[in-house]
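**Student:** My structure is below; once you've seen it, I'll send some questions.
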Amino acid sequence: MKGERKLIFGDSEQKKKQKEQRSREKEWKGKLTGAGMEKGAAGELAKIITEAQRSGESLQEGYKTSREHLERAQRKIELLLDEMTEEPERDVKKSLDSLIVDLDHVYHICSIREDDPDYGSTVKCLKTASSELGMPDAKISTLMLRSELENIQAVLKDAAAWEAPDFFALAFYLIREEKDTLADMENGQRNQFLSDYLKENFTDRYADSIEAAGLKEDMDAFIRMIHAIYN
């Protein structure tokens, strides 16, 4: 019963949010058109902003979740490294299995990527070690397991220090471009690239039209709302 109420409440909230988005999109389109912007261009701009909001919130929530798993994984590795020589193998295996769950959920386009070959191969080694732990023919020794844990620990430490992106800028970019362009960029380089891209293709491009429509303050406040960063 509680679950049903939660689903109904969630569905109601979603519908309310969608109604607000449509109303805002219509209002902005009307003001932009009234200020002289071509009707099609005004509709496209209002629609892009709404899409960027939805996508930005989703990316932001995914980033928050990945960071929570990353932080949990860091704590679990510290405990594992301490207990490996003292605890029974069954307890180590249990802790290792729990760690792997978190390691499988740290992925995000602006954190550790799913296509990161080094991270992926190390996690695969840990999964093999967990499945073989305690077996006489195990291919990975305790010493090798410790080494793999330390490797993962170093990767997580680096990722934990990365600054989150501007999620509106990220969403705006992904709506218009291919995400593969971001794949080889360092964290700081990517964030600067997204900031520059937003400035050139949104802020500067539409500044005069937005100001003429009297929407500058509204849009600035709206976009700031999506800029929340989880670090």
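**Student:** Find all pairs meeting these conditions: Cβ atoms under 7 angstrom apart; at least six residues apart or on different chains; first residue within region 188-201 and at negative phi and in the same structural domain as Cys110 (by TED's automatic domain parsing); second residue assigned to a helix (DSSP H, G or I) and modelled with pLDDT under 95.
**Tutor:** none
**Student:** Next up: Inside region 68-110, can you point out the residues that are assigned to a loop (DSSP other than H, G, I, E, B), surrounded by fewer than 20 Cβ atoms within 10 Å (Cβ to Cβ) and under 27 Å from the mean Cα position of the chain (by Cα)?
**Tutor:** Quick first cut of region 68-110, residues assigned to a loop (DSSP other than H, G, I, E, B) only: 84-88, 104-106, 108-110.
Now drop any that are not surrounded by fewer than 20 Cβ atoms within 10 Å (Cβ to Cβ), which leaves 84-88, 104-105, 109.
Asp104, His105, Ile109 - these are the residues of region 68-110 that are assigned to a loop (DSSP other than H, G, I, E, B), surrounded by fewer than 20 Cβ atoms within 10 Å (Cβ to Cβ) and under 27 Å from the mean Cα position of the chain (by Cα).
**Student:** Is it true that Glu57 is surrounded by 14 or more Cβ atoms within 10 Å (Cβ to Cβ) and either modelled with pLDDT of 85 or more or in the same structural domain as Val106 (by TED's automatic domain parsing) (or both)?
**Tutor:** yes
**Student:** Among the candidates Asp115, Asp158, Asp137, single out the residue that is surrounded by fewer than 12 Cβ atoms within 10 Å (Cβ to Cβ) and touching a residue at least 60 places away in the same chain (Cβ under 8 Å).
**Tutor:** Asp115
**Student:** On to the next question. Of all residues in region 142-165, which are acidic (Asp, Glu) and at pLDDT 90 or above? Show your work before the answer.
**Tutor:** Residues of region 142-165 that are acidic (Asp, Glu), as a first pass: 148, 150, 158, 163.
If the condition is that a residue be acidic (Asp, Glu) and at pLDDT 90 or above, then Glu150, Asp158, Glu163 are the ones that fit.
**Student:** Farther than 30 Å from Glu25 by Cβ, polar (S, T, N, Q) and at pLDDT 90 or above: does that describe Ser111?
**Tutor:** Yes; evaluated as a whole, the condition is true for this residue.
**Student:** So how many residues does region 193-224 have that are under 16 Å from Asp166 (Cβ atoms) and surrounded by fewer than 13 Cβ atoms within 10 Å (Cβ to Cβ)?
**Tutor:** Of the residues in region 193-224, the ones under 16 Å from Asp166 (Cβ atoms) are 193-204, 219-224.
Filter again for surrounded by fewer than 13 Cβ atoms within 10 Å (Cβ to Cβ), leaving 196, 200, 204, 220-221, 224.
Selection size over region 193-224: 6.
**Student:** Right, something else. Somewhere in region 24-46, is a residue among the β-branched types (Val, Ile, Thr), crowded, with 19+ Cβ neighbours inside 10 Å and assigned to a helix (DSSP H, G or I)?
**Tutor:** Looking through region 24-46, none of the residues is among the β-branched types (Val, Ile, Thr), crowded, with 19+ Cβ neighbours inside 10 Å and assigned to a helix (DSSP H, G or I).
**Student:** Among the residues of region 218-225, is there at least one that is among the aromatic types (Phe, Trp, Tyr), modelled with pLDDT of 85 or more and out of contact with any Leu (no Cβ under 7 Å at 6 or more places or on another chain)?
**Tutor:** Within region 218-225, not a single residue is among the aromatic types (Phe, Trp, Tyr), modelled with pLDDT of 85 or more and out of contact with any Leu (no Cβ under 7 Å at 6 or more places or on another chain).
The values are calculated or read from the model by the stated rules, or taken from the named source; none is laboratory data. Remember, predicted model here, so these are calculated numbers, not experimental data. When we count neighbours, we look across all protein chains shown, and the Cβ atoms used for this are built from the backbone with ideal geometry, even at glycine.
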